[in-house]
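Trainee: Here's a structure for you.
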Amino acid sequence: MTRTYAFLDESGNQDLDVNKKGATRYFAVAAVIVEEDELPRLRDAVEKIRAKYFQSGEIKSSSIKGKSGLSRRIKILKEIEELDFNAFVLLVDKSRIYSDSGLRFKQSFVKFINGIIYRKL
């Protein structure tokens, strides 16, 4: 039986008041899912993309700015699209959550959202 790996990352913040300065309307959790035997190939391919577009450090879309940002993002996404992996994304529209619910607390929010994605995986 082959092992399957899932690499997760979050984007956004947990604040339910989406009108507050610095708050995001959406909170996303994304998982890259790959079989163990494909993992070395995927790591090598991602490393080549990282080196080509980000030189050193982690791959962060927030570091792609300026006039050339959109075309650069498209080039990166086209290269990522060619890789052999599956993805699962959970996108939460925080404006649809009742502001007086228990999810207004950061720890409860994170635990609840992560619970959803872990059960699905």
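Trainee: May I ask you to give the percent of accessible area on the stretch 1-114 that is carbon plus sulfur, with a probe radius of 1.4 Å?
Mentor: The computed percentage sits at 52.
Trainee: Right, something else. Using alpha carbon centroids, what distance separates the stretch 1-46 and the stretch 83-121, in Å?
Mentor: 12 Å
Trainee: Could you do me a favour and compute the accessible area per residue for the stretch 1-70, 1.4 Å probe, result in Å²? Please list the in-between numbers first.
Mentor: Working: 5110 Å² over 70 residues.
About 73 Å² of surface per residue is accessible.
Trainee: Which of the listed residues, Ile80, Phe109, Leu121, is farthest toward the dipole's positive end in the stretch 65-121, when Lys, Arg count +1 and Asp, Glu count -1 at the beta-carbon?
Mentor: Phe109
Trainee: With percent of Cα pairs over 20 Å apart in mind, check [x] 56; [y] 61; [z] 53 and report the label derived from this structure.
Mentor: Looking at percent of Cα pairs over 20 Å apart for this model, the match is [x].
Trainee: So which lysines can Lys106 reach, going by Cα to Cα under 27 Å and dropping same-chain residues fewer than 8 places off?
Mentor: List returned: Lys20, Lys21, Lys60, Lys94, Lys120.
Trainee: Oh, and also: For Asn13, which sequence-distant residues (separation of 5 or more, or a different chain) have an amide H within less than 5 Å of its own amide H, given hydrogens modelled in the peptide plane?
Mentor: Result for Asn13 returns Thr24.
Trainee: Take every Cα pair under 8 Å in the chain that's 6+ residues apart, average their separations, divide by the length, and report that relative contact order as a whole percent.
Mentor: Relative contact order for the chain comes out at 34 percent.
Trainee: Under a Cβ-Cβ cut-off of 15 Å, what is the net charge of the residues other than Asn13 that fall near it, where Lys and Arg count +1 and Asp and Glu count -1?
Mentor: Once all neighbours under 15 Å are counted, the net charge is +1.
The values are calculated or read from the model by the stated rules, or taken from the named source; none is laboratory data. Note that this is a predicted model, so its numbers are computed, not measured. Here Cβ is always computed from backbone atoms with ideal geometry, including for glycine, and neighbour counts include all displayed protein chains. Note: accessible area is taken over every heavy atom of the protein model, side chains too, but ligands, DNA and RNA are not part of it. Shrake-Rupley method; radii C 1.70, N 1.55, O 1.52, S 1.80 Å.
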